[in-house]
Every structure is written in C-alpha cells, then in structure tokens.
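Structure, as structure tokens:
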Amino acid sequence: MRAPVAGPRAEFALSPLRTPGSTMSVAQLENIRSTPRGSAGAPAWALVSAGAFVVMMACGNGLLNDSDTLWQIAVGQSIIDHGAMPYADIYSFTRAGAPWRSSSWLSQVLYAQAYALGGWGGVVALAAAAIAAATGLLVRALGRYVAPVYAAVIALGALALSMPHLLARPHVLVMPVMVLWVAELSKAGEAGRAPSPLLLVLIALWANLHGSFVFGIAIAGAFGLDALWNAPAAQRGRLVLQWAAFGCGALLAACMTPYGWGSFIAASQILGLGGLLNIISEWRPADFGHSGLFEIAVLGLIIGLLCSNISFAWPRALIVLGLVGMALAHRRNIELLALLVPLVVAARLVARFPVIAVDTQAPRKSASPVMLALLVALCAGVGATAAYALRFTPFAAQPSVAVDALKQHHATRVLNDLPFGGYLIWRKVPVFVDGRAELYGEEFDTNYLRALELRDVDRFLALLSDNNIDATLLAPATPAVTLLDRLPGWKRVHADGVAVVHVRDPSRTSGEVQP
C-alpha cells in the first residue's frame with residue numbers, strides 16, 4: 001500500500017514496484033473535478049460525434065450485416081400495426097404460442113419507423129446517429145478531466161474497438177443512454193454523494209430499449225460502494241440510505257415498461273442459456289489464440305495499469321476488473337469495456353499523468369451555435385445523400401432466390417439454418433429457429449445445432465420426422481446438406497452460393513441416390 005493520490009482513505013495500488021513521477025496533488029485533482037466544463041469539451045464532442053456519424057454512414061452495409069435486424073424490424077412493425085405487445089411467439093412453427101416477451105420493444109418500433117420513413121438508409125441513419133451520440137457523450141464526459149484532443153483519441157479508440165459488434169440492432173440504440181448513465185454515476189461516486197433522481201428517467205428508457213438494463217442497475221450498486229468509500233465517515237450513514245433509495249427507485253423505474261416486472265424475467269432468460277452461449281458467435285469468450293484489436297487492447301490495458309502505478313479505490317478496481325471479465329467471457333460485451341472503462345479510470349489517469357489534464361485556467365467558452373447548426377446540417381446532408389446514393393442491403397447472404405423456390409413448392413414447415421431465420425420472418429415464412437435463443441432454450445438449440453452438424457445423425461433424422469419437415473433451407477457448407485443429397489425421399493430443387501433447398505419427394509425409392 002502507498003499513500004493515496006486523493007480521497008479520504010487508503011486506495012488499491014495496481015503497482016507498488018516504483019514511486020510515481022510527476023503526479024497531481026489532491027487540490028489540483030479536486031479543482032478539475034469541481035470546475036464546470038462548458039467550454040473546451042463542447043466543440044470536441046460535437047466534431048467527434050459528427051465525424052463518427054459520417055464514418056458509420058459510409059460503412060452502412062456493415063451495420064446491416066446481421067439477419068437479426070430483419071426480425072427486429074418485423075416485430076416492431078407488428079407492434080405498430082396491432083397496437084399491442086407480443087406475449088407469445090407467432091413467427092415459428094416449433095414454438096408457436098409459447099410465451100415470449102420482447103425486451104427491446106421500443107428499439108424495434110424505432111427501427112420499424114426508420115425503415116418506413118427511409119428504407120434501409122433510414123435504419124442505417126438511426127443506428128449511426130446512436131453510435132455517434134454515444135461517442136460524442138463519451139468525449140464530453142472525459143472532457144471534464146482530459147484535454148479535448150486526448151478525449152477525442154480515447155473515444156475514437158473505443159469506437160474502433162467496438163466496431164465488430166456495431167450493428168443495426170437494439171443494443172446500439174441504448175449505447176448513448178449507457179454512457180450517460182455511467183458518466184453521471186461515476187461523478188456521484190467520485191464526489192461521495194448520491195446521484196440525481198433524474199437519472200431514473202435514463203434507466204426507465206434503457207429498460208424499454210434493451211434487456212441489458214439489468215447491467216445498468218448492477219453497476220449502480222458498484223458506484224454506490226465507491227461513493228461510500230470517498231465520503232467522509234460522518235456522512236456514510238445518510239449516504240447509505242440515499243443510495244438504497246436510488247437503487248429501489250431504479251428497480252421501480254425499470255418496471256415502467258409494458259411488461260412491468262416481466263422485463264426482468266425476459267432479460268434473465270438470456271443469461272440462463274448456459275452452454276449455448278459458448279456456441280452462439282457473439283456470446284463466445286475471447287480467443288487469445290490469435291491477435292486481434294481486442295486482444296491487443298486488453299493486454300495493453302493490463303500492462304499499462306501495472307506499469308503506470310495508477311492507484312484506485314477498491315470499488316473502482318472491482319468495476320474495471322468486472323468490465324474486463326465480462327468482455328473476456330462474451331465478445332458482445334467488448335463495447336462495454338471500450339466505452340465505460342475510460343469513464344471509470346479518467347480521474348486517476350489524470351492524477352498520474354497531469355500532462356493530459358484539461359486546462360482549468362482556460363477561459364470558458366461555449367460551442368458556437370452556428371458551428372453546431374453547421375455540423376447538424378452536415379450530418380443531415382451526409383445521411384440523406386448516403387441513403388439516396390448508396391445501395392444499402394441488409395444481411396448480404398440473404399437467401400432470396402432460395403426462399404422463392406420454397407414458396408413455389410408450397411413448403412410450410414421449413415428446417416432452416418439459424419442465420420436464415422431473420423430473413424424467413426421478414427418474408428413471412430414460419431421458421432424452425434431464429435435468433436431468439438431465449439425463446440427456444442438451451443436444450444432445443446444445442447440439439448438442433450448438433451443435428452445439422454451431423455454429430456448425431458439419428459437426431460437429425462428424428463428432427464425431420466418428428467417436426468413433419470417438408471423442406472430444408474441450409475447453407476451450402478452445412479454438413480446436413482450432403483446427407484440430404486443422398487437421403488431417400490428428399491430432392492434438391494435449388495442451390496446457389498447462399499443456400500441449398502431440399503424438398504420431400506415421395507416418388508424417390510429407398511435405393512435412389514441423387515447425383
């Protein structure tokens with residue numbers, strides 16, 4: 001242990017091997033914390049946000065490269081058309097009528113409205129705007145401590161690290177809410193006070209946008225411990241009551257959805273998928289068998305914290321470790337690490353490296369309204385131009401011709417590859433399975449995947465007979481395709497680089513083998 005950089009109590013030192021060089025005094029750090037920042041950060045966050053929007057629009061097809069976007073919009077359009085929330089499955093024939101709640105209903109409605117107004121360009125623009133807002137809010141929050149240029153570099157690095165999971169899906173729309181929520185909780189924790197009750201509006205919005213609101217409530221508890229650590233001993237009793245009241249308020253606010261308490265049930269079903277999470281690509285753990293940007297970033301973070309002698313109060317250390325652990329456990333949590341760790345460590349980073357600190361002596365100046373208006377106009381112009389000039393197409397590997405073939409053969413019970421589920425829902429074809437893993441469950445999806453990979457041939461044959469399958473829609477590389485080519489009673493009727501279609505053909509005898 002060594003002497004704390006700031007705060008009333010001793011803190012957790014990540015590296016006691018050497019004494020720090022030039023560090024910031026307690027008074028200087030408190031000055032940065034308390035100095036109102038209306039100035040330096042405002043033009044920076046606006047410029048970075050506009051730049052991020054332009055980049056995301058230019059990469060628009062990348063945002064649509066996921067078949068789940070299709071069924072998300074279909075659900076949103078159904079909510080709009082019927083004026084009612086889904087409580088049971090209506091999209092599959094294997095789970096038809098089974099209880100199902102949409103924990104992202106508001107995001108789905110927004111995407112459906114964006115599609116109705118601007119086609120796929122509208123969907124891209126909505127996702128790009130959310131990503132840009134999250135990036136700009138991160139710069140603005142960091143601008144409380146860090147000079148604008150460094151805040152911009154950190155935010156753009158976070159954007160680059162998050163790119164693999166930036167898709168036109170509900171989790172993207174909640175990113176600005178998440179950044180603002182954590183930034184405000186972090187400020188309250190540093191100051192040793194309770195957060196503003198106005199933040200409860202954010203968690204209510206989050207609960208309607210995406211099921212990850214449970215994470216938002218959990219991290220609020222961690223920042224509550226941080227606030228208690230930083231508060232004077234005489235104030236801790238009252239602070240416990242204030243944070244407890246805020247936590248109860250957050251739980252109640254999260255129930256302000258069409259499903260009420262059912263939103264927690266819907267969110268928890270995802271976490272109960274067990275071993276299936278290791279099969280779904282975005283839920284798989286990080287793989288350090290190869291060197292990607294994420295792996296390099298994690299190793300760099302660990303080495304940097306160990307070698308820089310930055311000290312943390314133990315609650316903040318636990319938050320950082322928790323975010324790292326979540327990203328290592330599931331790839332889809334990489335954006336949490338990228339966007340939130342800078343907010344957690346910013347104050348300590350500045351205390352250790354004062355050279356990156358924002359200049360508190362600089363005169364305050366607001367961002368020019370003319371500049372902001374020009375940036376908004378630029379973004380609107382880029383968005384409209386891109387939506388008109390660029391040909392945005394969702395899910396590049398969509399099996400459009402194959403589905404036409406299925407309809408020509410009047411197939412009603414189609415065994416589909418998982419990535420094709422969203423497109424089938426989009427084309428109003430009942431699916432065997434789709435991306436709603438919480439609906440189908442661990443056992444169903446695991447057995448289904450094992451069957452299609454022919455790890456259990458008997459199970460695959462039983463799957464065809466027990467579910468009265470009359471056609472299949474599979475990717476060419478799926479092992480089951482080869483078996484169907486040789487299976488009596490089945491005939492290949494279509495094949496292209498995206499999908500292969502087989503239909504039942506009772507006229508084929510048991511001895512026939514299709515060439």
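None of the figures in this text is laboratory data; all of them are computed from the coordinates on show. On a predicted model such as this, the values are computed, not experimentally measured, just so you know. Please note: Cβ atoms are built from the backbone with ideal geometry, for glycine as well, and neighbour counts cover all protein chains shown.
Observations, loosely collected:
- Backbone amide hydrogens, once placed in the peptide plane, bring Ala397 within less than 5 Å of nothing, excluding anything fewer than 5 places away on its chain.
- With a cut-off of 10 Å between beta carbons, the residues surrounding Trp100 carry a summed charge of +1, where Lys and Arg count +1 and Asp and Glu -1.
- Ratio of Rg to Rh for segment 400-504: 0.92 [Cα atoms; Kirkwood radius as inverse mean 1/r over pairs].
- Amide H contacts under 5 Å for Asn416: Phe432, Val433, Leu473, restricted to partners 5 or more places along the chain or on a different chain, H placed in the peptide plane at 1.01 Å from N.
- Each residue of segment 402-409 was assigned a 3J(HN,Hα) from its phi angle through the Karplus curve 6.51 cos²θ - 1.76 cosθ + 1.60 (θ = phi - 60°); the sequence is 4, 5, 4, 5, 4, 5, 5, 8 Hz, with glycine and proline shown as x.
- What the phi angles of segment 441-456 give under the Karplus curve with 6.51, -1.76 and 1.60, with θ = phi - 60°, is a coupling list of x, 5, 5, 4, 5, 5, 5, 4, 5, 5, 5, 5, 7, 6, 6, 9 Hz, glycine and proline written as x.
- Here segment 400-439 is treated with +1 on each Lys and Arg Cβ and -1 on each Asp and Glu Cβ, and its dipole about the Cα centre works out to around 180 debye.
- Relative contact order computed over segment 400-504 (Cα-Cα under 8 Å; 6+ residues apart), in percent: 30 percent
- Cβ-placed point charges (K, R +1; D, E -1), dipole of segment 400-504 about Cα centre in debye, nearest 20: 440 debye
- Amide H contacts of Ser92 (H built 1.01 Å from N, in plane; Pro and chain starts excluded): Val431 sit under 5 Å, all sequence-distant by 5 or more or on other chains.
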